[in-house]
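The values are calculated or read from the model by the stated rules, or taken from the named source; none is laboratory data. Keep in mind that this is a model prediction, so the values were computed, not measured. We place every Cβ from the backbone using ideal geometry, glycine too, and count neighbours over all the protein chains shown. Heads up: the accessible areas ignore ligands, DNA and RNA and are worked out on the full protein's heavy atoms, side chains in. Shrake-Rupley method; radii C 1.70, N 1.55, O 1.52, S 1.80 Å.
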Amino acid sequence: MSIGSPRAAAPRTDLPYLRYRRRPPISASASASASASASEILTGQDRRTAPSALPSAHRLPRTKTDTFTVLTPAQPTVVLNRLQSGVGSLTIDAVWTPRSPPTLGTITQLRSGRTMVAGMNRVPATTEPAVLTDRRGHQRITLDLLRSRRLERMVVLAITQSPLPSDWGGNLVLTTAAQARIEVPIGRSLSAGVAVLMSVYNIEGELVLRAEPPAVAVSLRDAAASFGFDQIDWLDDY
């Protein structure tokens, strides 16, 4: 049996109704509904349930390689791109003048929901993916960006046991693997207690850095509660 070209085949006489079949007319409302459904498929959103304005890291200012960015009350937020957020490490150095308290601490929340607290004067001083070190009064937090996919958010704390001297001043200096630098000035309004200096959020694989107003809480537990960390089992206030 051989199959030749369909063009050489004899015409079909047993299916005459196909020649005269007409498609039903499409109403204007059905056409609009179909267009809306196609739009929802292309955008991946349902207009009936999608919020009117979703928070997006794309609307925030971004830092660039080999540049110096200062976070101020007028512009407290900056975004690292995916390369800066996922390669090497992000270091956060405490530059105090003079070198004296406060000591640094962190509260880290992973995407799994696990929340960990660490401080220079506490054990442990490591909450993966963040590591806290103190070498001769030089305090540093190192965030392992290779493991930052697990990170949901992190806040950097200043823990002060006694009032600071009148001439005290400080900055947090953040440096990426690509040598982009971000500075967070710390005002002299810190008093004895615990203050959240800055926060780090993982938004769709990009790290959003924000300088927080240093409102001083009485205890570490109070500072954590003010930022919504309510799933921590505390042994004491500090």
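Before moving on, here are some points about what is shown:
- For region 166-178, the Karplus equation 6.51 cos²θ - 1.76 cosθ + 1.60, evaluated at θ = phi - 60°, returns couplings of 5, 8, 6, x, x, 9, 9, 10, 9, 9, 8, 5, 8 Hz by residue, with Gly and Pro reported as x.
- Per residue accessible area of region 77-184, 1.4 Å probe, in Å²: 45
- Carbon/sulfur fraction of accessible area - region 69-195, other protein chains in place, 1.4 Å, %: 51
- Per residue Cα convex hull volume in Å³ - calculated over region 153-215: 87
- Remark: the residue 219-residue 72 segment gains 50.3 nm on full extension, using 0.36 nm per residue and subtracting the alpha carbon distance.
- Note on region 72-172: with charges restricted to the Cβ of Lys and Arg (+1) and Asp and Glu (-1), its dipole about the Cα centre is near 340 debye.
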